[in-house]
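What follows is calculated from the coordinates using simple rules that are stated; it is not laboratory data. Fair warning: this is a prediction, and the values are worked out from it, not measured in the lab. Ideal geometry is used to build each Cβ from the backbone, glycine not excepted, and the neighbour counts take in all protein chains shown.
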Amino acid sequence: PYLVMSFVEGTTAIPAGQERAHIEVMAGTLKKIHGTPVSDLPDLPARNNPIPEVLEFLPAGAEWTDLRRHLESQTAQTYTGAPKLLHGDFWPENLLWRDGGVVAVLDWEDAALGDPLSDVAAARVELRYRFGKQAMEWFTDAYAREAELDAERLALWQVYVASAAQRFMGAWGLEPAREALMRREALASIREAGDELMGRGGA
């Protein structure tokens, strides 16, 4: 199945010096997506529990032993709230901008129903790659103005997103310097969220 849409004029570029304003608009756009009624949507995959796959994606090595054990002990992490429409790959390159606003959201091939914090975590990590750790917090703060966030579940999804990224990004055709930067930021995201989950402070 596919969707044919009319041409929409816009750009994926975020102007230098306007990052925070655009990131706040991004957060509002994602909140609107999550507010979409789901009763008339097609049968989409469910995305409710990161635990099974995160244990597969988590990096190998002694550094991650405590986090792996902690995750293995988490037996009740299935999202039980009302299912939300999820974009699945919400990041700047999948948004078209015009005059400071989002005029189209592209690339819905990973759409699903389930826990909205999976989308929030994915956007956080992608923004960190591009604009640094501060951008993650801008995005989270803006989203949280309109929705209560469960910090533990957000950290859990962040471990999932960043672990999956570091596992698969070697197949993304990135320039070596770009891949090295993204790997550093992904691993830092896992560490910080892992510390949050295990009560050590951090993310």
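Report summary: the helix-based calculation at 222 nm, which adds -39500 (n - 2.57) for every DSSP H run with n ≥ 4 and divides by the residues of the chain, gives -16000 deg cm²/dmol. Here the dipole of the chain is about 340 debye; that uses its Cα centre as origin and unit charges on the Cβ of Lys and Arg (positive) and Asp and Glu (negative).
Among all stretches of the chain without exposed trypsin sites (Lys or Arg not before Pro) (DSSP loop, at most 14 other Cβ atoms within 10 Å), which one is longest? Provide the component values of the computation, followed by the final result.
Working: sites that count: R145, R200.
That would be 1-144.
Which shape class, rounded, prolate or oblate, goes with region 50-170 when its Cα gyration tensor gives a ≥ b ≥ c as root eigenvalues, a/c under 1.5 marks rounded, and past that a/b bigger than b/c marks prolate? Judged from the Cα gyration tensor, region 50-170 comes out prolate (a/c at least 1.5, a/b above b/c).
Tell me the angle of helix 151-168 to the major Cα principal axis of the chain, expressed in degrees between 0 and 90 and rounded to the nearest ten. Value to nearest ten degrees: 90.
In terms of its alpha-carbon gyration tensor, region 41-95 comes out oblate; a/c meets the 1.5 threshold, while b/c is at least as large as a/b. Is the C-alpha gyration tensor of region 16-60 telling us rounded, prolate or oblate? Criteria: a/c under 1.5 is rounded; beyond that, a/b larger than b/c is prolate, otherwise oblate. In terms of gyration-tensor shape, oblate.
Axis angle, to the nearest 10 degrees, between helix 19-34 and the longest C-alpha principal axis of the chain: 90 degrees.
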